[in-house]
Amino acid sequence: MAIKLYNTLTRKKQIFKPLRDKRVGLYTCGPTVYNYAHIGNLRTYVFADVLQKTLEYNGYEVKRVMNITDVGHLTSDADTGEDKIELESKKEKKSVWEIAKFYTGAFLNDIKELNIKKPETIVPATKIVVDQIKIIKILIGKKYAYETSKAIYFDVAKFKNYNKLSRQPMHQKITAAREEVIKDPEKKHPADFSLWFKLAGRYKNHSMRWPSPWGLGFPGWHIECSAISTKYLGQPFDIHTGGVDHIGTHHTNEIAQSEAAFGKPLAKFWLHSEFLIIDQNKMSKSEKNFITLDTLKRRNFDPLVFRYLVLTAHYRSKLNFTWESLEAAQNALDNLREAIKNLKTATQHTNKLENVRVLRKRFIEEFKNYINDDLETPRALALLWNIVKSKKLDSKTKYALLIDFDKVLGLNLAKIKSEKIPAAILKIVKDREKYRKEKNFKKSDELRKKIESLGWLIEDTPRGPKLKGNLSHT
Ligand code: AMP
Ligand code: ZN
């Protein structure tokens, strides 16, 4: 069954066929590691994971590559402002390397908790500076780039169809970048973007620095993705993903650099995930509306509840985050886990075996129809619930189908165990509740530890305590 994906480049849903046999090259723009990822960022990585899992479900082998931006991403897309990581290092009084290492670790932990498969290849920008310099040299050689006293710029006027991804008229881009014209009068065109920054002006004391044919300096943000994708996936490769905010600048510039340097397309499909919004605004690291996975955990939400919430919206629709919607996702996932526990105990089919086969095939086809239609996860979830509630299917078939669908949905349903909570544990939980109500937290904490030592995790939810231990997602 064909997979159809919406390609931002053509603004159409197109049938996906890999460039090389059954192996798909998938590149995802990674995080800028100057702070924790917020749940908006994480929505975008859940989307890329569902894409990978959908491809794998269809029998493709996915080679997934992701960068980590640990240098060169400035506080403004228009090549102005400070390097985000340098700025954070001053704030936290730590070295830039410590900042990058710490937030990279935090990000990898977040994706693990969201059951996002770790990309096969992850490359920090600082580990690939030599390759970035090589591409810049090619661009200068081909006259797509020029040197000023402050930087090496990409000459956008030289690259035909610079706007092909964004379709944004050039005059709009120029208006947006006007401030920059004043800041660097040496730029030929206001939309020209930096490939390399010299240690001049504002960047004189930039601590991350490398030798280059243009003296000491550091790479601009976009060039890392061109260098990493070409090195690990070749050019062209199959699919490039990111959030919609990357369309106008970052991905537009990646295309310009890579295609100008190597004279061939960068990627065949460009997929972009819409924003997670909160109170009508895009969630953003520079705003106060920033919620992390840790915030959710502190409020006793399981990270996979956030994954479930993400799946309830199509990736090309905005997802409006509210605590109520997260509560609803928590309830749904609790119910699903409960259903799985009950279904799992079935050892035999009660349906006739031929019927089981036919029904199973029919539902798997329907599931594939949804996810292969540009990753229609909301419809896939609705189907999953139809199966849970179905009167036609026996428990064993239901269980097998749900576990199969979960290869794409990634809710870790296969890890749910069906064993009963021992009465002795339930008794301790009850005692602990009594102490909690009396505000005797010392005693209730002691009992929590006791429960944990017996292999069970207790979670205090707004609806009362919940035991997770052996049923946890890890
Ligand atoms: P950054 O760490 O800022 O480079 O962003 C990491 C990823 O998150 C990029 O793919 C962005 O496009 C994406 N992103 C940023 N803000 C949001 C948001 N509010 N909702 C969804 N994705 C976002
Ligand atoms: Zn990128």
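The values are calculated or read from the model by the stated rules, or taken from the named source; none is laboratory data. All values derive from a computational prediction rather than experimental measurement. Glycine also receives a Cβ, built like all others from the backbone with ideal geometry; neighbour counts cover every protein chain displayed. Accessible surface is based on the protein model in full, side chains and every heavy atom, while ligands, DNA and RNA are left aside. Shrake-Rupley method; radii C 1.70, N 1.55, O 1.52, S 1.80 Å.
What to note about this one:
- Single residue of the stretch 447-462 satisfying the filter (surrounded by 13 or more Cβ atoms within 10 Å (Cβ to Cβ) and of a type outside the set (A, V, I, L, M, F, W, C)) that is modelled with the lowest pLDDT: Thr461
- Flag if Thr175 is modelled with pLDDT of 95 or more, among the β-branched types (Val, Ile, Thr) and either part of a helix (DSSP H, G or I) or open to solvent by less than 30 Å² (accessible area, probe 1.4 Å) (or both): no
- Residue match in the stretch 386-400 (condition: open to solvent by 80 Å² or more (accessible area, probe 1.4 Å), in contact (Cβ under 8 Å) with a residue 24 or more places away in the chain, closer than 30 Å to Leu55 by Cα and assigned to a helix (DSSP H, G or I)): no
- Only a single item in (1) touching a strand residue (DSSP E or B) at 6+ places or on another chain (Cβ under 9 Å); (2) away from ligand 1 (no atom under 16 Å from the Cβ); (3) at pLDDT 95 or above is not met by Asn300, and it is number (3).
- If you go through the stretch 57-75 and keep only what is on the phi < 0 side of the Ramachandran plot, within 16 Å of ligand 1 (Cβ to nearest atom), more than 16 Å from the chain's Cα centre (by Cα) and not polar (S, T, N, Q), you end up with Asp70, Val71, His73, Leu74.
- Condition met for Lys63 (among the charged types (D, E, K, R) and at pLDDT 95 or above): yes
- For first residues located in the stretch 188-214 and over 25 Å from Lys173 (Cα atoms), partners that are at pLDDT below 95 and β-branched (Val, Ile, Thr) and lie 6+ apart or on another chain with Cβ distances below 8 Å form the pairs Ser207/Val96; Met208/Val71; Met208/Ile85; Met208/Val96.
- Residue ID - farthest from Lys112 (Cα to Cα), chosen from residues in the stretch 401-426 that are outside any helix (DSSP H, G or I), touching a residue at least 40 places away in the same chain (Cβ under 8 Å) and open to solvent by 10 Å² or more (accessible area, probe 1.4 Å): Ile421
- Among the candidates Tyr36, Tyr27, residue that is over 30 Å from Lys361 (Cα atoms), aromatic (Phe, Trp, Tyr) and touching a His at 6+ places or on another chain (Cβ under 6 Å): Tyr27
- Residue count for the stretch 349-371, restricted to those that are in contact with a helix residue (DSSP H, G or I) (Cβ under 7 Å, 6 or more places away or on another chain) and under 30 Å from Ser273 (Cβ atoms): 6.
- Residues of the stretch 345-372 that are exposed (fewer than 13 other Cβ atoms within 10 Å of the Cβ) and acidic (Asp, Glu): Glu354, Glu365.
- Boolean, Lys164 is open to solvent by 60 Å² or more (accessible area, probe 1.4 Å), in contact with a Ser or Thr (Cβ under 9 Å, 6 or more places away or on another chain) and over 30 Å from Leu199 (Cα atoms): yes
- So Ala382, is it buried (at least 20 other Cβ atoms within 10 Å of the Cβ) and either over 26 Å from the mean Cα position of the chain (by Cα) or outside any loop (DSSP other than H, G, I, E, B) (or both): no
- Of the candidates Trp210, Trp214, Trp221, the single residue that is within 16 Å of ligand 2 (Cβ to nearest atom), touching a helix residue (DSSP H, G or I) at 6+ places or on another chain (Cβ under 9 Å), open to solvent by 10 Å² or more (accessible area, probe 1.4 Å) and not hydroxyl-bearing (Ser, Thr, Tyr) is Trp221.
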